[in-house]
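All remarks here apply to the structure that follows.
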Amino acid sequence: MIKFIVPCLMACPLMLGACANMSDGPDAVSDAAPQSATAALVASDGSPRGIARAVASSDGLRITIEGENLSPGSHGAHVHMTGACTPPDFASAGGHWNPTGRQHGRNNPQGMHLGDLPNLMIGTDGRGMIEITVPGAQITGDANALLDQDGAALVIHAGPDDMVTDPSGNSGGRIACGVFAAS
């Protein structure tokens, strides 16, 4: 009996120490700033239209959009400044995400908004994907944060963005929207 108790007593401090360390792990993870955000894209009727992901990288945010169930052709895709997607027109998402106060358009000499992304090309199967890095942007923080007090949304437009015209590139109505949430 003593042979059994002595090893158990010796192991108890080790087990208690391990338990104490385990309690630090999850708290440390939950206190860390999120390194990614995801937005489920939906049409005004709530049907799925794809997903957008933003991942922190050393040179900014890497944004990936995977569109589905969209009409073939070119569609403007932008990060909008407010994390709200109220149908039918998604106007609740506000204007383009523009914390630097620039004009619209990747080809505008006075542009561009941080939310100005390349056009999303959709094939005849209703699917398409783009991936871009937005330099100087971040998920959270003091400057150029995607997840600021009112959040952000990803909006897909009915037509192509002309990459010049301020404020929205003449890209037409908002046909899909998703609110970014930390992931």
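The values are calculated or read from the model by the stated rules, or taken from the named source; none is laboratory data. Here the structure is a predicted model, which is why all the values come from computation and not from measurement. Here the Cβ is made from the backbone with ideal geometry for all residues, glycine too, and neighbour counts use every protein chain on show.
At-a-glance table
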quantity	calculated
Scope the stretch 98-157; condition in contact with a Leu (Cβ under 6 Å, 6 or more places away or on another chain), without any contact (Cβ under 8 Å) to a residue 60 or more places away in the chain and in a strand (DSSP E or B); matching residues	Ile122
Hey, Asn119 under 22 Å from Arg62 (Cβ atoms), under 20 Å from the mean Cα position of the chain (by Cα) and modelled with pLDDT under 90 or not	no
Number of the exception - Cys177 against (1) outside any loop (DSSP other than H, G, I, E, B); (2) surrounded by 15 or more Cβ atoms within 10 Å (Cβ to Cβ); (3) out of contact with any Phe, Trp or Tyr (no Cβ under 6 Å at 6 or more places or on another chain)	(3)
Any hit, the stretch 170-178, residues being under 11 Å from the mean Cα position of the chain (by Cα) and at pLDDT 90 or above	yes
Subset of the stretch 121-144 (residues that are more than 20 Å from Val42 (Cβ to Cβ), aliphatic (A, V, I, L, M) and buried (at least 18 other Cβ atoms within 10 Å of the Cβ))	Val134, Ala137, Ile139
Number of positions in the stretch 48-78 that are assigned to a loop (DSSP other than H, G, I, E, B) and either aromatic (Phe, Trp, Tyr) or over 17 Å from His157 (Cβ atoms) (or both)	2
Which listed residue is on the phi > 0 side of the Ramachandran plot and out of contact with any helix residue (DSSP H, G or I) (no Cβ under 7 Å at 6 or more places or on another chain), from Gly126, Gly178, Gly115, Gly95	Gly126
Test for Ser92: is it over 23 Å from Asp59 (Cβ atoms) and surrounded by fewer than 17 Cβ atoms within 10 Å (Cβ to Cβ)	yes
Residue among Asp166, Asp116 that is over 21 Å from Ala43 (Cβ atoms) and crowded, with 17+ Cβ neighbours inside 10 Å	Asp116
Residue identified as within 15 Å of the chain's Cα centre (by Cα) and under 24 Å from Gly46 (Cα atoms) among Ala158, Ala153	Ala153
Candidates Asp161, Asp142, Asp148, Asp116 - the one that is over 25 Å from Gln35 (Cβ atoms) and acidic (Asp, Glu)	Asp161
